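Each remark here refers to the structure printed beneath this line.
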Amino acid sequence: MIVVTGATGNVGRPLVRALTAAGERVTALSRSLPRESAEALPAGVRHRSADLTDPASLGPSFEGARTLFLLVTGDWMSSSAGPEGILDAARSAGVRRIVHLSSQGVATRRHPPVLEDAIKRSGLGWTMLRPGGFSSNTFRWAGTIRTRRAVVAPFGDVALPVVDPADIAEVAAVTLLEAGHEGRTYELTGPAPVTPRQQTEALAQALGETIHFVEQSRAQAREQMLHFMPEQVVESTLDILGAPLPEEQEVSPDVEKLLGRPARTFAAWAQRNAAAFE
């Protein structure tokens, strides 16, 4: 049995599908399960509602599992909950190994390594996945694209190798299902750096329409992001987007090495998700 946290998200959904297609028993864990998400779960997947900020709710959800895919949200990061409650609940339920969806920011010291360090001290087997920015972060542009055929974003000409969440899910499935990944850390990026202006062009091509790029100041972007992200995450995210370190602009070979094919491009992601911007 594998427990997948964040099971209704951009990584969790394709990961649950990949694991069940491989014949694994899966518990899909999320705070809630809207009807459309319930209908999208593959047959045989057990869903449990639980809150990672409330360790007491986790025990029944982890029961019977030997492996845990652990993804924490901004709610957990901005709460006073520490990692020990999650790890204690996992150990008590019989979990023996964790694949943790961490962040490239841990390697570059943009983000504190609190959860990674706790997992490494826990006595459980572990694998760390450290993706850079997600292609799906551009879903936040959908409103202005639909209403104004415009993208409003900062740092229009700063390029980063954003990664497709479907690639992250496939990598996660490989590390969950195959032996040989314990104690390993993988950096996950797309195949080439791409700027917000180039992402806008890719979305325009996917839709077959002109989309204008409107550049925000850092202050304008910060004010907008504070509505849905903790302040410390906003600041570090803007630092990465506006003044990336050299290692944050490098393309990692890990997706291709683990999957045996090149990482998906942002243009391919845009074509696959064009309906969300129509």
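Laboratory data are not the source of any read-out in this text; all were calculated from the coordinates shown. Everything numeric here is computed off the predicted structure, so don't read it as measured data. As a convention, Cβ positions derive from the backbone with ideal geometry for all residues, glycine included, and neighbour counts pool all protein chains shown.
Below are the figures for this structure:
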{"read-out": "Cβ-defined net charge surrounding GLU209, 15 Å radius [Lys, Arg +1; Asp, Glu -1]", "value": "+1"}
{"read-out": "Zone of GLN249's modelled label, taken as backbone nitrogen in the range 151-173 under 19 Å from a point 7 Å along Cα→Cβ", "value": "154-163"}
{"read-out": "Ordering of 126-138, 241-253 by packing [mean C-beta count within 10 Å, highest first]", "value": "126-138, 241-253"}
{"read-out": "Separation in nanometres of the label points that stand 7 Å from Cα toward Cβ, at ALA192 and ARG46", "value": "4.6 nm"}
{"read-out": "Those GluC sites (Glu not before Pro) in the range 131-192 that DSSP places in a loop and that have at most 14 other beta carbons within 10 Å", "value": "GLU178, GLU182"}
{"read-out": "Distant-in-sequence amide H partners of VAL151 (H built 1.01 Å from N, under 5 Å)", "value": "HIS212, PHE213, VAL214"}
{"read-out": "Unit charges at the beta carbon, dipole of the chain: most positive-side option, TYR186, THR200, GLY125", "value": "GLY125"}
{"read-out": "J(HN,Hα) series, the range 82-98, from Karplus relation 6.51 cos²θ - 1.76 cosθ + 1.60, nearest Hz, glycine and proline x", "value": "x, x, 4, x, 4, 5, 5, 5, 5, 4, 5, 7, x, 5, 10, 8, 10"}
{"read-out": "Estimated 222 nm signal from helices in the chain, with DSSP H stretches of n ≥ 4 weighted -39500 (n - 2.57), rounded to 500", "value": "-11000 deg cm²/dmol"}
{"read-out": "Reciprocal mean inverse distance between Cα atoms of the chain - Kirkwood radius, Å", "value": "19.5 Å"}
{"read-out": "Anisotropy class of the range 120-228 from Cα gyration tensor, a/c 1.5 cut", "value": "prolate"}
{"read-out": "DSSP-loop chymotrypsin sites (Phe, Trp or Tyr not before Pro) across the range 163-259, with at most 12 other Cβ within 10 angstrom", "value": "PHE228"}
{"read-out": "For the range 110-180, convex hull of alpha carbons as volume per residue, Å³", "value": "131 Å³"}
{"read-out": "Under DSSP loop assignment and at most 15 Cβ neighbours within 10 Å, longest trypsin sites (Lys or Arg not before Pro)-free interval of the chain", "value": "185-278"}
{"read-out": "Computed E for ASP157/GLU209 - FRET, C-beta separation, R0 25 angstrom, nearest 0.05", "value": "0.65"}
{"read-out": "GLU182-SER32 pseudo-label distance in nm [points 7 Å out on the Cα-to-Cβ vector]", "value": "3.9 nm"}
{"read-out": "Among beta bridges that DSSP assigns inside the chain, antiparallel share in %, nearest 5", "value": "5 percent"}
{"read-out": "FRET efficiency, ARG25 to VAL114 (Cβ-Cβ, R0 25 Å, nearest 0.05)", "value": "0.25"}
{"read-out": "Enclosed volume per residue, in Å³, of the convex hull spanned by Cα atoms of the range 68-186", "value": "137 Å³"}
{"read-out": "Additional length obtainable on full extension of the chain from GLU84 to GLU231, 0.36 nm per residue less Cα span", "value": "50.6 nm"}
{"read-out": "Rg and Dmax of the range 191-278, Cα atoms only, in Å", "value": "15.4, 42"}
{"read-out": "Gain upon complete extension [ALA276, ARG121; 0.36 nm per residue less C-alpha separation]", "value": "51.7 nm"}
{"read-out": "Equivalent-ellipsoid semi-axes of the range 1-160, from the Cα gyration tensor, Å, largest first", "value": "28, 21, 14"}
